[in-house]
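Each remark here refers to the structure printed beneath this line.
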Amino acid sequence: MAVAHGSQTRLAYVMETVPGTIPATPTWKIARYVSETLTLDKQTVSSDEVRPDRNRSDVTDVGRQVNGAVNTLLSYTTFDDWLEALLANTWSTNVLKNGNVVKTMAFEKTFELGVTDVYARYRGCRINTLDLQLTAKQNVTANWGVMGIGSPNPDTAIITGATYTDPTTTPVLNAALNVGSLAIAGVTASPKLQALSLRLTNNIYAVDALGQYDTYDFGLGLFEVTGSMTALFENKDLYDAVINHTDLSLSFTIGAAANNKYTFAVPKLKATNGSPVGPGNGRAVTMEVPFTGLIDTVSGATLVINRAVA
């Protein structure tokens, strides 16, 4: 009997026109990913009926919801659809800002089992979170948190008329060669960083209704931008900014070739903590500075992404 193996598992996605409905003849885009944990979570309620023999009488199946993550390495253009879904907006002249436009997608996992493969599909999926991690001399990781409405029963054939588009071939981006500029404004001297993490979350919440087995809808909560920077301690400028609760901004450009780069910008943020600490022998003094993004009145957003940057 054939056993499914992770290295042969295909993950694909398609944007939905009607949220929660997989297109009739989908053009699936094969995803580039490292690992995934997309699952259909059963929601059950245990019976607390009293029995003289002290045994439980039933466990009721009351609902389903899709949850999980897709862990990836950042590359140019590969995840532009996912960024739209995350920021709830549409690219406009290569600029994307956080908004309130609902974007959903469907995912399909293909498990290679020889003669008869198994297809698991997840519909009405929204990107709830993104964890972007830049670490010195490492690849840039982008880990996406997903929430979805439901999943039809597993199938043993593709959807009739479905086609599959090959994944992008743009290079994986790293934090050594591909970070063209990184600036923290609001301090006299922008510090050098050893690491930078950025977490974006929509705080999506499920909306349930009587007579509805699957999740009825999802709501967009507060859009939050948080993160942390590990800064080399070369002067007291950033330390002063933390203490004085100074308005700061953060931007960094990343890409492997001209006109194939992104600039991520948090135009207004507050450093919420941070002090230099003595790490002992053989290590540089650093400051671990967590931060929170705020609405910027000029851009009208908390996060702005530009693509096709020179």
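Every read-out reported here was derived from the displayed coordinates using simple, explicitly stated rules and does not represent laboratory data. Keep in mind that this is a model prediction, so the values were computed, not measured. Every residue, glycine as well, gets a Cβ built from its backbone with ideal geometry; the counts of neighbours run over all protein chains shown.
Can you order the peptides 279-287, 169-177, 48-56, 113-121 by their average number of other Cβ atoms within 10 Å per residue, highest first? Display every interim value, and only then the final one.
Details: 279-287: 10.7, 169-177: 15.9, 48-56: 7.2, 113-121: 14.3.
Going from most to least packed, we get 169-177, 113-121, 279-287, 48-56.
Which number comes out as Rg/Rh for the chain once both Rg and the Kirkwood Rh are worked out on C-alpha atoms? Intermediate values should be presented prior to the final figure.
Numbers: Rg = 22.6 Å, Rh = 21.7 Å.
Rg divided by Rh gives 1.04.
If I take R0 = 41 Å and measure r between the Cβ atoms of ILE295 and THR44 in this structure, what FRET efficiency does the formula 1/(1 + (r/R0)^6) give, to the nearest 0.05? Write out the running numbers ahead of the final one.
Details: r = 41 Å, r/R0 = 0.99.
Here the calculated transfer efficiency is 0.50.
Of SER197, SER35, how do they rank once you tally other Cβ atoms within 10 Å and put the fewest first? Could the numbers behind the result be given before it?
Numbers: SER197 17, SER35 12.
With the sparsest Cβ surroundings first, the list reads SER35, SER197.
With springs only between Cα atoms under 10 Å, which of GLU112, GLU16, GLU36 fluctuates most in a Gaussian network model of the chain?
Of GLU112, GLU16, GLU36, the Gaussian network model singles out GLU112 as fluctuating most.
Full-extension gain between LEU232 and VAL172, please, as 0.36 nm times their residue separation minus the C-alpha to C-alpha distance.
Length gained, LEU232 through VAL172: 19.0 nm.
Could you sort the peptides 59-66, 225-232, 189-196 by per-residue average Cβ neighbour count (10 Å cutoff), highest mean leading?
Values: 59-66: 15.0, 225-232: 19.9, 189-196: 17.9.
Ranking, from highest mean packing down: 225-232, 189-196, 59-66.
Listing VAL187, VAL18, VAL309 from the residue with the fewest other Cβ atoms within 10 Å to the one with the most, what is the order?
The fewest-first ordering by Cβ neighbours comes to VAL18, VAL309, VAL187.
So, in nm, how far is label ASN203 from label THR17 when the simple model puts each one 7 Å beyond its Cα toward the Cβ?
Using points 7 Å along Cα→Cβ, the separation is 3.5 nm.
List TYR122, TYR239, TYR76 from most exposed to least, where exposure is judged by having the fewest other Cβ atoms within 10 Å. Write out the running numbers ahead of the final one.
Numbers: TYR122 25, TYR239 19, TYR76 22.
So the ranking, lowest neighbour count to highest, is TYR239, TYR76, TYR122.
Specify whether the C-alpha gyration tensor of segment 99-241 places it in the rounded, prolate or oblate class, a ≥ b ≥ c being the square roots of the eigenvalues: rounded for a/c under 1.5, otherwise prolate if a/b is larger than b/c and oblate if not.
On the way: a/c = 3.64, a/b = 1.75, b/c = 2.08.
It is oblate, given that a/c is not under 1.5 and a/b is not larger than b/c.
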